[in-house]
Amino acid sequence: MRTLLFTFLAVLLCGVSILGQEKPLSQAEYVKMLYELPKNPGGKGDIVVALRRRGIEFALNDGVRSLTRSKSANDDELKRALEEADRRRQNPGGAKLPVAAELNTLLENTTKNTIEAAGDMPDFVVKQQIQRSVAYAGTGNFRNQDKLIVAVSYRSSGEENYKLLSINGIPQNVAEARGSYEQAGGTSSTGEFVTMLATIFKPESKTRFEAVDTDVVLGRRTVAFDFVVDRDRAKQIITSVGVSADSVVTGIKGRIWIDRSDARVLKIESEATDIPPTFPVRSARRSIEYDWVKIEDGRYLLPSLSDVRLIATGKPKDYETRNVIRFKNYQKYGSEVRILDDDIKPDPEPTPIKP
């Protein structure tokens with residue numbers, strides 16, 4: 001039996017106790033803040049803080065959602081903070097965070113379960129459907145570029161091998177698997193299966209957690225924690241491939257959603273930190289959603305959807321790439337990955353953001 005050592009994970013509850021002490025935002029006040037946002041993009045953080053600290057007194061409707069998308073360039077954090085505020089308005093009691101002792105126990109159990117699950121991961125293969133798109137940075141108006149089908153082989157040792165099967169339905173003559181699918185050009189990503197979770201929860205990362213909200217994911221009651229891992233411990237690598245390849249090491253911050261019953265992570269949103277200002281990639285974000293899948297006789301929590309976004313310097317404007325990755329047909333290692341009609345059909349164009 002393998003022995004695991006765990007460090008105590010401190011939960012920061014700063015600001016939780018003052019929720020509701022200030023008057024909630026009125027719709028007029030919130031709309032005014034949105035209209036000021038295009039002139040002062042840095043004000044987005046102030047709106048998010050106000051939504052989380054004060055909440056809202058108005059019923060959220062499609063008109064307010066649409067205005068939020070257009071004035072914030074479809075900012076995910078602001079949209080999520082607005083939805084969180086509406087949930088608290090509708091169900092103040094159900095949205096309350098557990099007490100500190102329960103939160104600490106939840107984090108300790110999640111750490112234990114995550115590390116054990118990483119060690120018990122089976123060998124498997126899975127098919128990735130990757131729809132890649134691009135937009136001018138900050139507009140949210142993505143246009144499809146191509147769709148890739150990639151076969152991924154995962155070994156319990158942590159080794160991931162990627163084989164590019166097709167681009168826009170055209171089979172690729174790739175003789176052997178590689179450590180990524182970068183032979184397709186453009187943006188690629190790896191590490192969705194174990195690396196991200198391991199980085200967050202391994203004791204040597206000394207991750208800082210803050211409980212921020214309750215939520216429902218996959219029909220399960222969850223607690224959302226913000227997290228930060230410093231660069232010298234996260235050691236996340238971002239590579240810019242252009243005229244010459246260049247790499248930087250970054251830290252990470254973000255949010256995780258933990259199932260309150262099973263103490264397992266159901267969703268991660270992460271963002272690279274400490275990117276040098278001279279590096280061509282200005283921003284790197286990724287979200288991963290997990291679901292239970294069956295491989296042979298076992299049941300495992302594995303990625304079902306990932307959304308990877310990079311902002312890079314460009315002329316005449318900076319641009320943003322987006323890879324939406326769907327994980328299909330988990331099977332035992334050695335199984336053949338087949339391309340089906342649904343694999344090569346391009347996804348619908350993302351809905352443009354109205355000015």
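The values are calculated or read from the model by the stated rules, or taken from the named source; none is laboratory data. This is a predicted model, so every value here is computed, not measured. Cβ: placed from backbone, ideal geometry, glycine included. Neighbour counts: every protein chain shown. Quick note on the areas: whole protein, heavy atoms, side chains included, nothing else; ligands and nucleic acids left out. Shrake-Rupley method; radii C 1.70, N 1.55, O 1.52, S 1.80 Å.
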Less than 16 Å apart at the alpha-carbon level, and either on another chain or at least 8 residues along: which aspartates and glutamates does that give for LYS235?
GLU192, GLU204, ASP246, GLU271, ASP274
J(HN,Hα) series, region 130-135, from Karplus relation 6.51 cos²θ - 1.76 cosθ + 1.60, nearest Hz, glycine and proline x:
10, 8, 10, 9, 8, 8
Within the chain: Cβ-based charge dipole about Cα centre, in debye rounded to nearest 20 (Lys, Arg +1; Asp, Glu -1):
620 debye
At most 13 other C-beta atoms within 10 Å and a DSSP loop state: those are the exposed GluC sites (Glu not before Pro) I care about. Give me the longest piece of the chain that has none.
23-158
Once the dipole of region 100-170 is set up with Lys and Arg at +1 and Asp and Glu at -1 on Cβ about the Cα centre, which of ALA137, SER157, ASN109 lies farthest towards its positive end?
ALA137
Testing the spin-label approximation: label points 7 Å from Cα along Cα→Cβ at ILE170 and ARG155. State their distance in nm.
3.3 nm
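Can you tell me the FRET efficiency between LYS294 and LEU340 if r is taken as the Cβ-Cβ distance and R0 is 30 Å, rounded to the nearest 0.05?
On the way: r = 19 Å, r/R0 = 0.65.
Efficiency for this residue pair is about 0.95.
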GLN172 long-range amide H proximity, modeled H, under 5 Å:
SER166, ILE167
Can you work out the PRE-style zone for ASP123? Point 7 Å along Cα to Cβ, and I want the residues of region 138-157 with backbone N under 17 Å.
152-157
Hz values of 3J(HN,Hα) by residue in region 26-32 - Karplus curve (6.51, -1.76, 1.60), Gly and Pro given as x:
7, 5, 4, 5, 5, 4, 4
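Calculate, for SER247 and LYS79, the FRET efficiency according to 1/(1 + (r/R0)^6) with r their C-beta to C-beta distance and R0 30 Å; round to the nearest 0.05.
Values: r = 32 Å, r/R0 = 1.06.
Result of the calculation: an efficiency of 0.40.
Quick check on my link table: of LYS23/LYS79; LYS39/LYS96; LYS79/LYS112; LYS112/LYS328, which ones sit more than 24 Å apart, alpha carbon to alpha carbon? Could the numbers behind the result be given before it?
Details: LYS23/LYS79 21 Å; LYS39/LYS96 35 Å; LYS79/LYS112 32 Å; LYS112/LYS328 28 Å.
Result: LYS39/LYS96; LYS79/LYS112; LYS112/LYS328 exceed 24 Å.
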Area of SER304 that stays accessible when all protein chains are in place (1.4 Å probe, Å², to 10)
40 Å²
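Only helical DSSP H runs with n ≥ 4 go in: add -39500 (n - 2.57) per run for the chain, normalise by residue count and round the 222 nm mean residue ellipticity to 500 deg cm²/dmol. Intermediate values should be presented prior to the final figure.
Values: 8 runs with 81 residues, N = 355.
When only DSSP H runs of four or more count, the value is -6500 deg cm²/dmol.
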Hey, what did region 93-224 get for relative contact order, percent, Cα under 8 Å, at least 6 apart?
20 percent
Karplus-derived 3J(HN,Hα), 6.51/-1.76/1.60, for each residue of region 67-77, Hz, glycine and proline x
5, 4, 4, 6, 7, 9, 6, 6, 5, 5, 5
